[in-house]
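Below: the structure, in structure tokens.
The values are calculated or read from the model by the stated rules, or taken from the named source; none is laboratory data. Since the structure is predicted, the reported quantities are computational estimates derived from the model, not experimental observations. Positions of Cβ are generated from backbone atoms using ideal geometry, with glycine treated the same way; all protein chains shown enter the neighbour counts. In case anyone asks, the SASA skips ligands and DNA or RNA and just uses the protein heavy atoms, side chains included. Shrake-Rupley method; radii C 1.70, N 1.55, O 1.52, S 1.80 Å.
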Amino acid sequence: MAARVLNVNVGVLGHIDSGKTALARALSTTGSTAAFDRAPQSRARGITLDLGFSCLRTALPPQLGPGPGELQFTLVDCPGHASLIRTIIGGAQIIDLMMLVIDVTKGMQTQSAECLVIGQIACQKMVVVLNKIDLLPEGKRQSAIEKMTKKMQKTLENTKFSGCPIVAVAAKPGGPEAPESENPLGVSELIEVLKSQAYLPSRDPSGHFLMAVDHCFSIKGQGTVMTGTILSGSVSLGDNVEIPALKVTKKVKSMQMFHTPVTYAMQGDRVGVCVTQFDPKLLERGLICTPDSLHTIHAAIISLKKIQYFRGALQTKAKFHITVGHETVMGRVMFFSPAPADFNEEIQENVFDFEKDYLYQEEYLSKDSVCSEENKENDQAGEVQLPKQQWALLEFEKPVTCPKLCLVIGSKLDTDIHANTCRLAFHGVLLQGMEDKNYTETFLPKLKVYKQKHKEGQVERVMDDYSVIGRSLFKKETNIQIFVGLKVKLSTGEDGIIDGGFGQSGKFKIRIPDGLKPDTKMLLTAASKKKSKGGKGEMTKEDESSKNDAAQPVTISLIFKRYVFDTQKKMIQS
């Protein structure tokens, strides 16, 4: 029986030029077809343009179970160039353990911070690698390493990686031009740390097969090879797999893991799948899956959290770069929350309830967001109450193919890459996708998101004990008929019902079923007398007091809600 091989995916992330590729090379025993900047553009520009993969095999450490076996670290070298953050996000979703590579002479830089954010979203464990220690003068090297270690510990204090191992190395002493004979420093210690951090990732071979393909190329006489990491399920020789973006199904002819032929691979494995009669130019990266198991969607509902380092508000109707799986597309967002009464209610994770009412928000609610009117009512002792969960409707500019419950990241990738600011805005989970192109007509009316409307007008005069005339609630051109029957409240406490229009100038009649209070009647009668006198002659003392009363007009308040996606635009009062 062959010795078991446990595969752990290790992401190598960090700022450009922190030495990630050199570190992956120093660690690796076997490079894959995509490793070490083999792409001609990468070599020409001297930077990593795509995810590079290689592997390191070592004896299975005792914490991972008895018996013989090998531990395989698949090293995913993510590009550090700012404009390539899309690729990094795609890579982070297939990572079990992360190495954050820091240039010891520079410390945390903008992209190191962004990589840390991605790690917090997509990863459980991290090791910090302080690289390029050969650039520190030997006499001061140890104290400089200690100083940077302390600094990094402080940076990580309030993250989930607080207290993680920090290892100092020189992956390529003397820099890229140095002869290969120069031995790396600290790499064997780093391998021991990686072994101590390795854990049995939860792997499940059941369910639909889904693989994130990051490279596709042809081999003469063999066919087309798609390499990638299996996100869910398993695949065997002879299985049919679908390329959903192209609606094409192909049979698996052969498979390899790091140049070793295999007949089976499962979730978490890095594998090359060979098919025939397929042009590799059609698929550079993307997903392949069990036929008919993935869906192409035009819009989605996600649950989300704002990324704390993102400066500025997240506004409804704003556009973001939305990364779903290995795809990044532009999308417009609309934020919504539970109704204020349900802010503290525990929400079931990863499920969206279409039976409930939700409150439309002009922006994602956070401590620094200006609280809207509805939330002010929910405000206790001056502290803004925030809901336990918030959601967004995402509308994509072009359709995306992805599984349900996948990670979603929203960013502003058009921000100046030299600005020292985090461009990742929010992250979330895709709860419900909309496959129908006409989702605005077929799907959105089921989504009960409402806006709270509050209109104010004034009582102009009393008609009799049970009715008054109001003004300033509607514009002259408003069709008052649609408001007939809605309840209103007077500032003096009476409840009323809109009875119909009055004249042509937007005035209207209100019926007061329980009648006007005597005080209200006096107040309104005094106010209309004052109006009719209109400044004739001298003012008496009585006039003086009624003037003061009239300075406080009786206001009419109309509150109703309207569902955003209700085609009939009905007004609803509780």
Exactly one of ALA144, ALA113 is closer than 24 Å to GLU177 by Cβ and surrounded by fewer than 24 Cβ atoms within 10 Å (Cβ to Cβ), and that residue is ALA144
When restricted to LYS412, LYS448, LYS476, LYS455, the only residue touching a strand residue (DSSP E or B) at 6+ places or on another chain (Cβ under 7 Å) and more than 24 Å from GLN390 (Cα to Cα) is LYS455
When (1) modelled with pLDDT under 95; (2) open to solvent by 20 Å² or more (accessible area, probe 1.4 Å) are applied to TYR466, the one that fails is (1)
Of the listed residues (GLY233, GLY223, GLY228), the one being small (Gly, Ala, Ser) and within 12 Å of PHE278 (Cα to Cα) is GLY223
Checking SER234, SER218 in turn, the sole residue that is free of Cβ contacts under 8 Å to residues at least 40 places away in the same chain, surrounded by 13 or more Cβ atoms within 10 Å (Cβ to Cβ) and not assigned by the TED database to the domain that holds LEU64 turns out to be SER234
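Condition check ((1) within 40 Å of the chain's Cα centre (by Cα); (2) in contact (Cβ under 8 Å) with a residue 40 or more places away in the chain) across all residues:
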residue	(1), (2)
GLN452	yes, yes
GLY457	no, yes
ASP464	no, no
ASN479	no, no
LYS489	no, yes
ASP495	no, no
LYS509	no, yes
ASP514	no, no
In the stretch 164-182, anything loosely packed, with under 11 Cβ neighbours inside 10 Å and in contact with a strand residue (DSSP E or B) (Cβ under 9 Å, 6 or more places away or on another chain) is listed as none
Conditions (1) of a type in the set (D, E, K, R); (2) crowded, with 17+ Cβ neighbours inside 10 Å; (3) more than 17 Å from GLY506 (Cβ to Cβ) -> GLU460 fails only (3)
Only one of (1) under 19 Å from LEU558 (Cβ atoms); (2) exposed (fewer than 14 other Cβ atoms within 10 Å of the Cβ); (3) acidic (Asp, Glu) does not apply to ASP436, and that is (1)
inquiry  = With the structure loaded, tell me whether ILE145 is β-branched (Val, Ile, Thr) and out of contact with any Gly (no Cβ under 8 Å at 6 or more places or on another chain) or whether it fails that test.
reply    = yes
Note: among LEU200, LEU156, LEU210, just one is under 23 Å from GLN124 (Cα atoms) and either more than 28 Å from the chain's Cα centre (by Cα) or open to solvent by 30 Å² or more (accessible area, probe 1.4 Å) (or both), namely LEU200
Checking ILE322, ILE347, ILE307 in turn, the sole residue that is touching a Lys or Arg at 6+ places or on another chain (Cβ under 8 Å), among the hydrophobic types (A, V, I, L, M, F, W, C) and at pLDDT below 95 turns out to be ILE347
Among GLU189, GLU284, the single one that is surrounded by fewer than 21 Cβ atoms within 10 Å (Cβ to Cβ), without any contact (Cβ under 8 Å) to a residue 24 or more places away in the chain and out of contact with any Pro (no Cβ under 7 Å at 6 or more places or on another chain) is GLU189
Selection from the stretch 415-428 of residues modelled with pLDDT of 80 or more and among the charged types (D, E, K, R) yields ARG423
By my count, strands (runs of 3 or more DSSP E) wholly in the stretch 187-248 with at least 1 residues that are modelled with pLDDT of 90 or more and over 16 Å from VAL271 (Cβ atoms) are 210-219, 240-243
